[in-house]
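Each reported figure results from applying straightforward, stated rules to the coordinates on display, with no laboratory input. Bear in mind the structure is a predicted one, so any value in this text is a computation, not a measurement. Backbone-built Cβ (ideal geometry, glycine too); neighbour counts: all protein chains shown.
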Amino acid sequence: MDLQTLVDRSPFAPPGTSASGGAPVAEQGTLEFRGMVVDESGTAYSVFDASANRGFWIREGEKGPIQVKSYQAADNLLEVDRGGQAVKLQLKRATIQAGAPIAIKPAVVNAPPRPQNGATPNAAPAAADTRRLEAVAAEVRRRRALRNAAATGQPAPAATPAPAPATSP
């Protein structure tokens, strides 16, 4: 079991201490090390400049206002050069906060009123729906017969008018 990592980075040590002798990490001022991405071009580091309210993706060896000097993976410590001044940046830890509670009110659903005479309220529309569906089925049969007759080259059957759908009062 490798205990050296526990000796170098004690979970009980105060935050902001590095592995090299427990010395505090240099104050980063307005720079924040926010993350890194490894792709086919190499490693890119995300550094945010709070004074300019601007973020940078920088790579080792690139020239610019902020240049990467080194990265220590064991400590998540990025050393950058900003205007000739070396600054060590500790990876910023994300803070997760609970949002405001959401008040959920139960929905109130009112049942439809029951008829006084005890009859079912949907009895009349059911009969009208049945007649309408029968008319649709008859029309489908008629059109299918016409299509089959046209496909086989036979004369069209005698046109029987489809019953008109019943209208509800």
Discussion item. Within a 10 angstrom radius of the beta carbon, how do 40, 32 rank from fewest other beta carbons to most?
Written reply: 40, 32
Worksheet entry | Interchain or long-range residues, amide H under 5 Å from residue 43's placed H | 60
Worksheet item: R0 = 30 Å: FRET efficiency of residue 9 with residue 34, Cβ-based, nearest 0.05?
Response: 0.90
Discussion item. Over 10 Å intervals from 0, what percent of Cα-Cα pairs in the stretch 30-118 sits in each interval?
Written reply: 13, 35, 15, 8, 7, 7, 6, 6, 3, 0
